[in-house]
Amino acid sequence: MKRLKLIFVVVLVLPVTVVAQDITRLRKIGPVTSYTRIDKGLLLNCRDNSQVQLSVLAPDLIRVRASFAKALPSKDHSWAIAKESWQDVPWTVAETPNEITLSTSELQVVIHRSTLLIDFHDPRTRQLLNSDEQPMAYDADATLTNMMFDPKAGMFVAASKKLGFDEHFYGLGEKAARLDKRRDRFVNWNSDTPGYVEGRDPIYQTIPFYIGLQRGVAYGIFFDNSYRSYFDFGRSSQQRAWFGAEGGELNYYFFYGPSLPKILGRYAELTGHMPLPPIWALGNQQSRWSYYPDTLVEEVVRQYRERDLPLDVVHLDIDYMQAYRVFTFDTSRFSNPKALSEKLGQQGVKLVTIVDPGVKHQPPAMGASQSTSSKPELDSQERRYYVFDEGVAKNYFQKRKNGELFVPRVWPGDSVFVDYTLPDARRWWGDLHRAYLDNGIAGIWTDMNEPADFIDQTGKNQMDVVSNDEGQYTTHAKNRNVFALLMARATYEGLERLQPNKRPYVITRAAYAGVQRYATMWTGDTNSTWESLALSIPMFTSLGLSGEPFVGGDVGGFMGRANGELVVRSYQVFFLVPFCRNHKNIDSYDQEPWRFGQYYEDIIRKYLKLRYRLLPFLYTALEESHRTGVPVFRPLLLNYQDDTNTYNIDDEFMIGSDLLVAPVTRPDVTSRLVYLPRGTWYDYWTGRSFAGGTMHRVDAPLETVPMFVRGGAIIPHGPEMRFTGEKPVSPLYFAIYPDEKGSASTTLYEDDGLTPDYRRGVFRRTTINVTRSGRKYVIDIGQPVGPYRPASRTFQFQIKSHDPLDRTLVSFIDRSVAERMEIR
Ligand code: MIG
């Protein structure tokens, strides 16, 4: 009985870890007593000595920055921001006794002097886009009792906006939540949360950026504050959507669309564009905690090849190291990593190694002599560990406020973390990756960078851990959430320096805004459950709406035991996700594509092969993400913002603007309802056309994921390949899906896939336009743009309408010139 009671208490207490803050109790700033024009905007002075700065960065981008009861500090720095200087754009200021109005060609910001409420309007439509519900506020009297951490670490700051009656909210990065975040609330505090389920919050990443959408008009808010932060989209009150943080500045950027792609483009400009990863990062990947020894890795690759399953990458999880010492190899398991890389390389397979931030805390053994080896990663580190030694000598490890080394406990046992805010420490960490590159390792998978700590996963134990932080010596109250961003930066910049002719490939678990500049991501320790699979769709689409286009997760789920059906359905989602990697926990059943028998393996093969055939299409979409900030993996609403039916669709997605996928994420289902937006749609498998703007029930046996192509699209397909770059992309087959008028078009993007030359314009774009005239179709291939020259190849064109007469295949050699062809 006693025991029962205890369990009862625990169950009751656990779910209340996230507590609501009553921000109405905060002290509000204002009123405005005077203002001055400053470079790019206005500085408002308040009666309570607070200051508010409004800066015009672009006609559709205004920064709002406030200090409370004091002047704004001159120090102004953020790790997230990629673009600090913006060209001047025209703006004006007008005043009345009650209001000050700052205007650009696209935004009008009205400041009410007496209340210090700020409104954002569209001057062209006169529409009110967003307005303060209460003035910006702060916890001057420590009235908020349920702050998670030391109130002395910082002072709570918050802004509150009126909640629109029909306002939808998107973004906020990696949340175990649905697409539309209206009436929900969230906390940002990077946390290692294995086996998380929908509703678990926070999880690994912090992207304090969201998009509000009402009446088809969108704005964005990026609250650039790395302290533990809160977002409440009308959960605690239907009056307001508010955001706040347990310290730091009230500092946000207001973006105006009205279109989502425009906001995403500006956000990418502000926080950085994703560089293109090597094309093999789009290849199929296989992982396990952990594949060892080397012969087992070879066997996995052998199985892949023997079974005719495509594969580009195998991951080595933490057991490749000497007792979890990063930048070492356990040579009893991997006697010659370089030879292994080369052997796998001959089969088209690359190795990626995991690298954790925890450096084993290992003072030298008595009398151990310093290593002089140029390849210490292969020498025994039992008596001295070169990474620890160097880091101590250079004073790069984090300390507590009292000056003691901070010793968290992670996989190596007692460990230390690098202060990645130090430029020299980042450079050192980056350079350490020589140990991998010299052994043929092709990419780096950074894990545990919340940073996780087995002593205390909440981060409380880290609150007095100090980072240099540009000479400000701040604690993890501010820096925990940017730790992974800076580790990814150190890694990326290291790879870039060490191999300047190759594109770096870095994968990260935790993140802060801006991480897309350095790393791709995966969604961490998911479950092998249908719920977890279903959740991955809104997670990926939300990440895409938060500036992270290269998303993905563990195919089949990480924790627990999958079955053939779940793994097949999982591949039917992931074969179109940028990061497609089957990965599995150490103590779970094997999950490689063949582990459930021939029937399932055959279906998986079909989808993996289709992924490789669609690489020209996927890569074109990826380049668009790089250039425009608009993601590959999209919610329907991103392409159909004026269609309210799309605002809550969580179980369909689009790849680019042309392919719509409606996967099955439940067991035992052989059909499902699919919403198709306006226009004509073609069943990818049968060519049958469907009218858009309505729901259809479609067949979805286990062999088939419902997939539709937008009428008006052309989908480029390459040949089947066992790995990227196996052979020239020939024939390049263009499947043409005419719209109601008989037209279709596309622009294919190509480059060498491996080097950074694309940044200097070495790519090629080929535009194809198809029109119908009478019973024939005319295909216009434009003169290719850009100096990149692919290997010689054949072009093939085929109309994919339901009329079999249309289905003639036209085939000819690509001569890199403008051509006109006819299909009749
Ligand atoms: O504490 O490296 O999310 O992918 O296999 C677990 C072992 C540490 C967590 C990662 C997972 C990886 C595992 N890691």
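Readers should treat all values here as calculations from the given coordinates under stated rules, not as data from a laboratory. Remember, predicted model here, so these are calculated numbers, not experimental data. All Cβ positions, even for glycine, are placed from backbone atoms using ideal geometry, and neighbour counts span all protein chains on display.
Taking only the Cα atoms of segment 27-75, how large is their convex hull per residue, in Å³?
Normalising the Cα hull of segment 27-75 by residue number yields 84 Å³.
Could you list the square roots of 5 times each eigenvalue of the Cα gyration tensor of segment 47-191, that is, the equivalent ellipsoid semi-axes, sorted largest first and rounded to whole Å?
In descending order the semi-axes read 27, 22, 18 Å.
Against the empirical 2.2 N^0.38 Å scaling, what ratio does the C-alpha Rg of segment 758-824 come to?
Output field value: 1.29.
Provide, as a two-decimal number, the C-alpha radius of gyration of segment 703-801 over 2.2 N^0.38 Å, N being how many residues it has.
Relative to the rule-of-thumb radius for its length, segment 703-801 sits at 1.20.
Using only the Cα atoms of segment 390-464, what do you get for the radius of gyration and for Dmax, in Å?
Rg and Dmax of segment 390-464, Cα atoms, are 13.7, 42 Å.
For L250, which sequence-distant residues (separation of 5 or more, or a different chain) have an amide H within less than 5 Å of its own amide H, given hydrogens modelled in the peptide plane?
A66
Just to compare against my own numbers: the Cα pair-distance distribution for segment 209-322, 5 Å bins, whole % per bin, please.
Computed distribution, short to long bins: 2, 9, 12, 11, 11, 8, 8, 10, 12, 10, 6, 1, 0.
Towards the positive end of the charge dipole of the chain, with charges on Cβ (+1 Lys, Arg; -1 Asp, Glu), say which of S78, Q238, M521 has the farthest Cα.
Q238
Taking Cα pairs under 8 Å and at least six residues apart, what relative contact order does segment 64-183 come out at, in percent?
Across segment 64-183, relative contact order equals 13 percent.
For segment 428-466 and segment 639-687, what is the separation of their C-alpha centers, rounded to whole Å?
Between the Cα centre of segment 428-466 and that of segment 639-687, the gap is 39 Å.
Report the rotationally averaged projected area of segment 177-256 based on its alpha-carbon convex hull, in square nanometres.
Quarter of the Cα hull surface area: 5.7 nm².
Relative contact order for segment 467-544: what is it in percent, counting Cα pairs under 8 Å that are at least 6 residues apart?
24
So how many Å³ per residue does the convex hull of the Cα atoms of segment 544-606 work out to?
In segment 544-606, the Cα hull volume divided by residue count equals 82 Å³.
What percent does the relative contact order of the chain come to when contacts are Cα pairs within less than 8 Å and at least six residues apart?
Reported relative contact order: 10 percent.
Taking the Cα centre of segment 125-218 as the origin, how large is its charge dipole in debye, to the nearest 20, when only Lys and Arg (+1) and Asp and Glu (-1) carry charge on their Cβ atoms?
It works out to roughly 340 debye.
Give the dimensionless ratio obtained when the Cα radius of gyration of the chain is divided by 2.2 N^0.38 Å.
0.97
Return the sequence-ordered ³J(HN,Hα) values of segment 249-256 in whole Hz as given by the Karplus equation 6.51 cos²θ - 1.76 cosθ + 1.60 applied to θ = phi - 60°, using x for Gly and Pro.
Working through the residues one at a time gives 8, 7, 9, 9, 10, 9, 10, 10 Hz.
Using unit Cβ charges (K, R positive; D, E negative) and no other charged atoms, how large, in debye to the nearest 20, is the dipole of the chain about its Cα centre?
Dipole of the chain, to the nearest 20 debye: 640 debye.
Which of rounded, prolate, oblate describes segment 67-118, given a ≥ b ≥ c as roots of the alpha-carbon gyration tensor eigenvalues and a/c under 1.5 marking rounded, otherwise prolate only if a/b is larger than b/c?
Judged from the Cα gyration tensor, segment 67-118 comes out oblate (a/c at least 1.5, b/c at or above a/b).
Can you give the local net charge around T331? Use residues other than it whose beta-carbon is closer than 15 angstrom to its beta-carbon, Lys and Arg +1, Asp and Glu -1.
-3
Packing-wise, with mean Cβ within 10 Å as the measure, how do 61-68, 745-752, 504-511 rank, highest first?
Result, highest mean first: 504-511, 61-68, 745-752.
What is the packing order of peptides 24-37, 419-432, taking the mean over residues of other C-beta atoms within 10 Å and listing the highest first?
Highest mean packing first, the order is 419-432, 24-37.
Taking the Cα centre as origin and putting +1 on Lys and Arg beta-carbons and -1 on Asp and Glu beta-carbons, what dipole magnitude results for segment 687-789, to the nearest 20 debye?
320
For segment 655-779, with the dipole built from +1 on Lys and Arg beta-carbon atoms and -1 on Asp and Glu ones, taken about the Cα centre, which of W681, P716, V770 lies farthest toward the positive end?
So the residue furthest toward the plus end is V770.
Just the Cα atoms of segment 215-256: what Rg and Dmax do they give in Å?
In order Rg, Dmax, the Cα atoms of segment 215-256 give 11.7, 34 Å.
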